[in-house]
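Novice: First the structure, then my questions, so here it is.
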Amino acid sequence: MVIVALVRFRLADVPLERDEGEYAYAGQLILQGIPPYQLAYNMKLPGTYYAYSLIEALFGQTASGIHTGLLLLNAATTLVIFYLGRRLMGPFGGAVSAIAFAILSLDRWVMGVFAHATHFVILPALGGFLLLVRPIESRTNASVIGAGLLLGISILMKQQAVFFMLLAIALVLLDGGAQKEHFRTRLLRTGLFLLSSVIPFAIICAVLTAQGVFDKFWFWTFQYAREYVSEIPLSSAWGMFVDGFKRITRATLLLWLLAAAGFVLLWVVRWKGEVRVFLTGLLLVSLLALSPGFYFRQHYFILLLPAAALLVGMACVSIKRGAARMMPATVSRGLAALVFVVATSAYVIKEQEYLFSLPTRDLSRDVYGANPFVESPDISRYLEQHTKPDDRIAVLGSEPQIYFYARRKSATGHIYTYGLMEPQKYKQRMQDEMIQEIEATRPEYIVFVKMSISWLARQSDEKILTWADQYTRQCYEIAGVVDIHSRERSEIVWDAAVLAYQPKSDNVIHIYRRKVGGQCTASS
């Protein structure tokens with residue numbers, strides 16, 4: 001854990017990517033007394049926004065502060081997995097599982113050093129499971145209620161956590177089944193669990209209603225979210241999963257193979273029924289949790305890491321048990337440890353540059369390519385220096401990290417433009433709303449991200465882009481250009497120098513300053 005923490009600390013100032021930017025900006029607004037969904041629209045539930053606001057309050061409103069918070073969150077998750085693994089498989093299995101998780105969650109190809117919502121999902125979910133997976137004599141109503149609260153908090157971090165509820169309900173219903181515990185008692189505990197799991201969501205709904213944003217919250221997190229997860233057909237699901245899995249196992253394949261062996265040995269070696277039920281159930285619900293929408297993005301697989309890590313522990317403990325029949329206990333344990341050390345050493349050798357010397361700028365480029373995350377702090381610094389704290393800015397594109405870095409409020413709640421360009425029934429409403437909000441606010445600066453990756457247009461209605469070209473030409477003047485030539489090189493020019501500059505790539509960002517004087521007639 002110390003070694004992993006040191007690596008994470010070295011990489012703490014890696015530039016925020018856009019999901020982190022969204023959470024960081026929403027957390028920043030919360031610290032200013034502005035509720036979620038008022039100035040930042042998105043389909044995610046607000047738990048991660050509040051978690052970010054706490055991290056920012058404790059460690060500062062910087063990329064380094066946010067990743068320091070993630071470091072502590074990851075350490076806490078590692079400890080919970082140790083205690084969970086120890087309860088299931090003993091101290092050796094708990095230690096191996098914890099180390100496996102620490103390494104798997106550090107991997108750059110699963111985007112483990114970036115503070116995605118999936119990190120915030122698994123800590124409370126695993127905490128809830130730790131309260132449920134316990135000796136029969138220590139199972140109490142209080143532990144069931146505590147587990148319900150933690151699983152409810154997990155869902156607030158991201159909707160996919162609802163699948164973990166399925167396993168939790170099964171654990172409560174089967175609680176004490178081998179001792180033929182009275183069905184009515186188990187039913188009562190299931191009711192307590194379900195009731196307590198609803199409490200966090202009910203509190204959030206009450207808070208957002210009191211703050212006057214419940215309607216927007218409901219539209220974005222339920223109505224639009226339903227459209228989002230129905231875009232990719234079932235026929236494409238397997239191919240998307242295989243592609244995602246290949247990406248996230250680029251450096252950790254041996255650990256994943258060891259996890260697969262652990263699943264086989266779980267059913268081959270003699271293990272207690274409750275251990276088999278829990279680990280198989282955790283694997284199943286984790287796969288379901290990363291499946292909504294069939295996108296299988298790399299950071300979604302973080303939801304699968306606890307199950308994989310515990311199965312790595314299962315493999316090593318099973319090897320130790322099998323070898324103990326033929327050799328002394330210390331030798332069998334050493335053999336099992338050697339198998340695990342080989343798998344982890346292969347990762348360290350393959351990724352030694354990333355772990356010990358890779359600059360954070362290069363890390364961002366390696367993982368996210370030519371996305372403008374490296375350039376966002378420079379853009380934001382200029383905006384912060386040339387505006388007053390109450391001035392508004394607008395980003396035409398999906399780069400919410402710019403608002404956070406610049407410490408300026410958005411002129412529109414549409415901090416992402418992906419939804420505006422998707423083939424879904426709300427796209428025209430969203431485009432019109434963004435146009436109206438920007439024209440009504442007349443921001444001091446507009447950042448126009450002319451990069452396809454920031455829009456991902458999947459439908460032909462490009463009204464927003466046509467309007468943006470006309471509006472910036474009529475009402476604004478060019479103040480800066482960001483030209484991303486390649487992963488290795490980008491160029492930024494400001495003010496007078498921008499007039500003579502000719503972009504050399506297709507990955508260009510224009511920064512516009514509002515014209516002084518005169519009237520700007522709305523072009524829509």
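Novice: Which three semi-axes in whole Å describe the equivalent ellipsoid of region 115-248, each the square root of 5 times a Cα gyration tensor eigenvalue, listed largest first? It would help to have the intermediate numbers written out before the result.
Specialist: On the way: eigenvalues 184, 98, 36 Å².
Taking √(5λ) for each eigenvalue gives 30, 22, 13 Å, largest first.
Novice: If you don't mind, another one. Just check region 166-318 against the gyration tensor rule for me: Cα atoms, a ≥ b ≥ c as the square roots of the eigenvalues, rounded for a/c under 1.5, and otherwise prolate or oblate depending on whether a/b exceeds b/c.
Specialist: oblate
Novice: Also, quick follow-up: For region 228-277, which whole percent of the accessible surface, found with a 1.4 angstrom probe, sits on carbon and sulfur atoms?
Specialist: On the way: 2080 of 3090 Å².
Roughly 67 percent, rounded to a whole number.
Novice: Assign unit charges at the C-beta atoms only (+1 for Lys and Arg, -1 for Asp and Glu), then state the dipole size of region 256-405 relative to its Cα centre in Debye, rounded to the nearest 20.
Specialist: 1140
Novice: Something else now. With a/c under 1.5 counting as rounded, go ahead and sort the chain into rounded, prolate or oblate using the C-alpha gyration tensor (a ≥ b ≥ c being the square roots of the eigenvalues; past the cut-off, prolate if a/b is larger than b/c, else oblate). Show your work: numbers first, answer last.
Specialist: Values: a/c = 2.40, a/b = 1.68, b/c = 1.43.
The shape class here is prolate.
Novice: Helix 47-59: angle to the longest alpha-carbon principal axis of the chain, degrees 0 to 90, nearest 10?
Specialist: For 47-59 against the chain, the angle is about 80 degrees.
Novice: Students often check this: by mean Cβ neighbours within 10 Å, which of 390-403, 479-492 ranks highest, and how do the rest follow? Kindly include the intermediate steps, with their values, before the conclusion.
Specialist: On the way: 390-403: 24.4, 479-492: 17.1.
By packing density, highest mean first, the sequence is 390-403, 479-492.
Novice: Quick check: the distance between the Cα centres of region 434-502 and region 1-18, to the nearest angstrom?
Specialist: The two parts, judged by their Cα centres, are 32 Å apart.
Novice: Label points 7 Å out from Cα along the Cβ direction at residue 442 and residue 520: separation in nm?
Specialist: Roughly 0.8 nm, to one decimal.
Novice: When all protein chains stay in place, what accessible area (Å², nearest 10, 1.4 Å probe) is found for residue 462?
Specialist: Residue 462 has an accessible surface of roughly 80 Å² with all protein chains in place.
Novice: Give me the lysines in straight-line cross-link reach of residue 504: C-alpha distance below 24 Å, same-chain residues under 8 apart excluded.
Specialist: 450
Novice: Ignoring ligands, DNA and RNA, what percent of the 1.4 Å accessible area of region 441-524 is carbon and sulfur?
Specialist: Working: 2170 of 4450 Å².
Carbon and sulfur atoms account for 49 percent of the accessible area of region 441-524.
Novice: Just to confirm my understanding: which cysteines in the chain have no other cysteine beta carbon less than 4.7 Å from their beta carbon?
Specialist: Taking the Cβ cut-off of 4.7 Å, the unpaired cysteines of the chain are 205, 316.
Novice: Give me the distance in nm between label points sitting 7 Å out from Cα along the Cα-to-Cβ direction at residue 329 and residue 457, one decimal.
Specialist: 6.9
Novice: Amide H to amide H, which residues 5 or more places from residue 480 or on other chains are under 5 Å from it, using H placed in the peptide plane?
Specialist: Under 5 Å from the amide H of residue 480 lie the amide H atoms of 495, 511, each far enough along the sequence or on another chain.
Novice: What spacing in nm lies between the two simple spin-label points modelled at residue 488 and residue 75, each 7 Å away from Cα in the Cβ direction?
Specialist: Simple spin-label model gives 3.8 nm for this pair.
Novice: Size of the dipole of region 424-477 about the Cα centre, Lys and Arg at +1 and Asp and Glu at -1 on the beta carbon, nothing else charged, in debye to 20? Write out the running numbers ahead of the final one.
Specialist: Details: 8 positive and 9 negative charges, 56 e Å.
The calculation lands at about 280 debye.
Novice: How fast does region 1-118 diffuse by Stokes-Einstein, in µm²/s, taking the Kirkwood radius from C-alpha pairs at 10 °C and 1.306 mPa s? Show your work: numbers first, answer last.
Specialist: Values: Rh = 15.1 Å.
In µm²/s, the coefficient rounds to 105.
Novice: Subtracting the Cα-Cα distance from 0.36 nm times the residue separation, let me have the gained length for residue 201 to residue 384 in nm, one decimal.
Specialist: Numbers: separation 183, 0.36 × 183 = 65.88 nm, distance 3.61 nm.
Taking residue 201 through residue 384 to full extension adds about 62.3 nm, to one decimal.
Novice: Further, regarding this structure: What do you get for the angle between helix 183-210 and the principal long axis of the chain? Use alpha-carbon atoms, 0 to 90 degrees, nearest ten.
Specialist: Computed tilt is about 20 degrees.
Novice: What percent does the relative contact order of region 1-136 come to when contacts are Cα pairs within less than 8 Å and at least six residues apart? The partial results should precede the final answer.
Specialist: On the way: 149 pairs, mean separation 37.1, N = 136.
Dividing the mean separation by the residue count of region 1-136 yields 27 percent.
Novice: Using only alpha carbon pairs under 8 Å that are at least six residues apart, calculate the relative contact order of region 319-381 and give it in whole percent.
Specialist: Numbers: 21 pairs, mean separation 11.0, N = 63.
Reported relative contact order: 17 percent.
Novice: If you don't mind, another one. Short version: ³J(HN,Hα) in whole Hz for each residue of region 234-251, in order, from phi by Karplus 6.51 cos²θ - 1.76 cosθ + 1.60 (θ = phi - 60°), x for Gly and Pro, what are they?
Specialist: 4, 4, 8, 4, 4, x, 5, 5, 4, 4, x, 5, 4, 5, 7, 9, 4, 10
Novice: Roughly to the nearest percent, how much of the accessible area of region 147-227 is carbon and sulfur, given a 1.4 Å probe?
Specialist: Working: 2930 of 4040 Å².
Carbon and sulfur together cover 72 percent of it.
Novice: Taking the Cα centre of the chain as origin, sum charge times position over the Cβ atoms of Lys and Arg (+1) and Asp and Glu (-1), and report the length of that vector in debye to the nearest 20.
Specialist: Details: 50 positive and 40 negative charges, 411 e Å.
Once rounded to the nearest 20, the dipole reads 1980 debye.
Novice: Which percentage, to the nearest 5, of the DSSP beta bridges contained in the chain is antiparallel? Provide the component values of the computation, followed by the final result.
Specialist: Numbers: 18 of 24 bridges.
In the chain, approximately 75 percent of DSSP beta bridges are antiparallel ones.
Novice: Also, I was wondering about something else. Which whole-number percent gives the relative contact order of the chain, counting Cα pairs below 8 Å spaced six or more residues apart? Each step should come with its number before you reach the end.
Specialist: On the way: 834 pairs, mean separation 85.2, N = 524.
The normalised contact order for the chain reaches 16 percent.
Novice: So if each residue of separation counts as 0.36 nm, and I subtract the Cα-Cα distance between residue 342 and residue 134, what length gain in nm does that give?
Specialist: Details: separation 208, 0.36 × 208 = 74.88 nm, distance 3.20 nm.
Gain on extension, residue 342 to residue 134, equals 71.7 nm.
Novice: So how much slack lies between residue 272 and residue 246, counting 0.36 nm per residue of separation and subtracting their Cα-Cα distance, in nm?
Specialist: Value of the extension gain: 6.1 nm.
Novice: Return one number: the angle in degrees, 0 to 90 and rounded to the nearest 10, between the long axis of the Cα atoms of helix 117-132 and the longest principal axis of the Cα atoms of the chain.
Specialist: The angle comes out near 30 degrees.
Novice: Shape of region 338-431 from its Cα gyration tensor (a ≥ b ≥ c, root eigenvalues): rounded if a/c is under 1.5, otherwise prolate when a/b > b/c, or oblate?
Specialist: Oblate is the answer for region 338-431, as a/c is 1.5 or above yet b/c matches or exceeds a/b.
Novice: Which of 146, 405, 90 sits farthest toward the positive end of the charge dipole of the chain, with +1 on the Cβ of Lys and Arg and -1 on the Cβ of Asp and Glu?
Specialist: Sorting the options by dipole projection puts first 90.
Novice: While we're here: With unit charges on the beta carbon (Lys/Arg positive, Asp/Glu negative), name the residue among 291, 259, 219 whose Cα is farthest towards the positive pole of the charge dipole of the chain.
Specialist: The residue sitting farthest along the positive end of the dipole is 259.
Novice: One quarter of the convex hull surface, Cα atoms only: what value does that give for region 287-374 in nm²?
Specialist: Numbers: hull surface 33.0 nm².
Quarter of the Cα hull surface area: 8.2 nm².
Novice: Roughly how large, in nm² to one decimal, is the mean projection of the convex hull of the alpha-carbon atoms in region 342-387? Let's see the in-between values first.
Specialist: Values: hull surface 16.5 nm².
It is 4.1 nm².
Novice: Just want the answer: with Cβ charges of +1 for Lys and Arg and -1 for Asp and Glu, which residue in 43, 352, 499 is farthest toward the dipole's positive end in the chain?
Specialist: Among 43, 352, 499, the one farthest towards the positive end of the dipole of the chain is 352.
The values are calculated or read from the model by the stated rules, or taken from the named source; none is laboratory data. For clarity, every value in this text was computed on a predicted model and none was experimentally measured. Note that each Cβ is placed from the backbone with ideal geometry, even for glycine, and that neighbours are counted across all protein chains shown. Heavy atoms of the whole protein, side chains included, go into the accessibility calculation; ligands, DNA and RNA do not. Shrake-Rupley method; radii C 1.70, N 1.55, O 1.52, S 1.80 Å.
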